[in-house]
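Since the structure comes first, as structure tokens, the remarks are kept for the end.
The values are calculated or read from the model by the stated rules, or taken from the named source; none is laboratory data. Keep in mind the model is a prediction, meaning the values are calculated, not measured. Please note: Cβ atoms are built from the backbone with ideal geometry, for glycine as well, and neighbour counts cover all protein chains shown. Side chains included, ligands, DNA and RNA excluded: accessible areas come from the protein's heavy atoms. Shrake-Rupley method; radii C 1.70, N 1.55, O 1.52, S 1.80 Å.
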Amino acid sequence: MTGMPDLQSVVDTSVLIGLSHLGRLDLLPTLLGTVLAPSAVIREFGSLPDGVQERLVQDTAQVQEHRAQFLGVGEAEVIALAHELRVELVLIDERRARRYAAAQGLTVVGTAGILVQAKRAGLLAAVQPLLETLRRRGFRLSDRLYNHVLTLASEKPR
């Protein structure tokens, strides 16, 4: 995630919700260039965020194949769209979907990873207060992951 304009990623609903809770949806296009979202994600999120482009998945059979792996429709469309457009980076939080996407050869980053990259890029002063906000808003983040993210962000784990 270097912020190069030709970089592309496909985003899932959970990442949009997490960054929306923080008022930081702006981080997506700033860090990732072109951010795409399949139609199911836009429906689940409820709107098309600034800096995100909606794309329709053409291969519905592939979506059904991914759904058969117990993925939500948004997650299945994210993975299918990434394959269709040959986009390597997907933004997904849910553990099962992350593992499945990685097994499909995709690079996976979640909301917390975006926050770490934003801090490294000088766009955030600290990650910990944002992680606390996410937790208060019901975002599931294990203590292990919480502390790992703080270490990656060069902040002191609890």
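For segment 1-96, a crude dipole built from +1 on the beta carbon of Lys and Arg and -1 on the beta carbon of Asp and Glu, taken about the Cα centre, is about 120 debye to the nearest 20. Pairs of Cα atoms nearer than 8 Å and 6+ residues apart set the relative contact order; for the chain it is 22 percent. Computed on protein heavy atoms with a 1.4 Å probe, the accessible areas place Thr107, Thr133, Thr60, Thr13 in the order Thr60, Thr107, Thr133, Thr13, largest first.
Taking the C-alpha atoms only, the angle from helix 143-152 to the longest principal axis of the chain is near 80 degrees. Entry comment: accessible area of the chain is 51 Å² per residue, from protein heavy atoms only and a probe of 1.4 Å. Converting the Cα gyration tensor eigenvalues of segment 1-66 into ellipsoid dimensions via √(5λ) gives semi-axes, longest first, of 21, 15, 9 Å.
Note that segment 115-131 has calculated 3J(HN,Hα) couplings of 5, 4, 4, 5, 5, 4, 7, x, 8, 10, 7, 8, 9, 3, x, 6, 4 Hz, one per residue in order, obtained from phi through the Karplus relation 6.51 cos²θ - 1.76 cosθ + 1.60 (θ = phi - 60°); glycine and proline are x. Full extension of the chain segment joining Ser39 with Arg135 gains 31.8 nm, where the gain is 0.36 nm per residue of separation less the Cα-Cα distance. For the chain, the longest principal axis of the Cα atoms and the long axis of helix 73-85 meet at an angle of about 80 degrees. Residues His148, His21 ordered from highest to lowest accessible area at a 1.4 Å probe: His148, His21.
Per-atom-type breakdown for segment 50-148 gives carbon and sulfur 46% of the accessible area (1.4 Å probe, protein chains only). Distance from the C-alpha centroid of segment 76-120 to that of segment 13-71: 10 Å, rounded to the whole angstrom. What Kirkwood radius, in Å to one decimal, follows from the Cα pairs of segment 12-109? Result for segment 12-109 stands at 13.2 Å. A cut-off of 5 Å between modelled amide H atoms, ignoring neighbours fewer than 5 places along the same chain, links Leu36 with Ser9, Val10, Val11, Gln53. Highest mean packing first, where packing is the average number of other Cβ atoms within 10 Å per residue, the peptides 73-79, 125-131 line up as 73-79, 125-131.
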